[in-house]
Every structure is written in structure tokens, then in C-alpha cells.
Amino acid sequence: ITYRARCPPLHQAIALGLGIKVINALITPTSIRQKCYFQIALHLACQYGASSDVIFALLGSWPDAAKEKVRGGLTPLHLACRHSQGASIDVVDALLRSWPDAAK
């Protein structure tokens with residue numbers, strides 16, 4: 001977590017695994033689009049295996065976030081599927097509904 005010390009509060013809250021109430025309080029039109037180390041909040045949430053409620057809140061605030069790619073061309077769908085626990089069906093479904101082309 002220490003490498004995220006300079007990241008925005010939304011990113012830090014996701015990295016720390018804080019709950020949906022905190023995440024909702026931190027989501028703004030600006031924070032949802034901010035990048036830290038080339039990642040938006042949705043990338044981080046998918047990478048860290050955040051709860052489906054967190055993923056849904058982030059996608060609900062910015063559905064096109066599912067199209068954003070990190071270095072190497074990975075989408076939030078890729079990051080969610082690569083998580084050690086695997087992504088839930090609900091998360092995969094939400095990501096694909098936001099951007100069906102992510103499956104290509």
C-alpha cells in the first residue's frame with residue numbers, strides 16, 4: 001500500500017479495502033477519472049478484488065471506465081479475471097454490459 005501514498009483518496013480507499021459507504025463518499029466526477037500509476041479507480045478495484053458493490057458503484061458513476069486500458073492494453077475485465085480469487089459472475093457481467101467489446 002505504501003507505493004500508493006501519492007494516489008488520490010478514492011484509489012487509496014480501494015487499495016485498503018474500505019467499504020462501499022466510504023467509496024460512495026469519495027466518488028466524484030473528477031475522482032472517478034483520475035489516474036494513479038496509469039490506473040483509474042476501476043482498474044484498481046478489479047485488480048484488488050473489490051466487492052461487487054464497489055465495482056457497480058464505480059461503473060454506475062462512469063460506465064465507459066470499462067473501456068479504459070492500463071499499460072499493456074489490459075482492461076478492467078482482464079484485471080478482474082486475473083485476480084487471485086477470480087471475478088464473480090456479477091462483476092464479469094457488469095463489465096461486459098458496460099463494454100461488450102472487452103471480450104474480444
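The values are calculated or read from the model by the stated rules, or taken from the named source; none is laboratory data. Bear in mind the structure is a predicted one, so any value in this text is a computation, not a measurement. We place every Cβ from the backbone using ideal geometry, glycine too, and count neighbours over all the protein chains shown. Note: areas computed on protein heavy atoms with side chains; ligands, DNA, RNA excluded. Shrake-Rupley method; radii C 1.70, N 1.55, O 1.52, S 1.80 Å.
Tabulated data
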item: Residue among ALA13, ALA80 that alone is small (Gly, Ala, Ser), assigned to a helix (DSSP H, G or I) and farther than 21 Å from ASP101 by Cα; result: ALA13
item: Qualifying residues in region 61-77 (those that are part of a helix (DSSP H, G or I) and in contact with a helix residue (DSSP H, G or I) (Cβ under 6 Å, 6 or more places away or on another chain)) - the one surrounded by the most Cβ atoms within 10 Å (Cβ to Cβ); result: PRO76
item: From the options ILE55, ILE27, ILE32, ILE20, residue that is among the β-branched types (Val, Ile, Thr), crowded, with 22+ Cβ neighbours inside 10 Å and touching a residue at least 12 places away in the same chain (Cβ under 8 Å); result: ILE55
item: Search result, residues across region 53-78 that are polar (S, T, N, Q) and over 10 Å from the mean Cα position of the chain (by Cα); result: SER61
item: Restricting region 35-52 to residues that are in a helix (DSSP H, G or I) and either open to solvent by 60 Å² or more (accessible area, probe 1.4 Å) or among the polar types (S, T, N, Q) (or both), the residue that is nearest to LEU77 (Cα to Cα); result: GLN47
item: Among (1) farther than 23 Å from ARG6 by Cβ; (2) not in a helix (DSSP H, G or I) - the single one ALA57 does not satisfy; result: (2)
item: Close pairs (7 angstrom Cβ cut-off, 6 or more residues apart or separate chains): hydroxyl-bearing (Ser, Thr, Tyr) in region 82-103, surrounded by 10 or more Cβ atoms within 10 Å (Cβ to Cβ) anywhere; result: SER88/SER52; SER98/LEU59; SER98/PRO63; SER98/ALA66
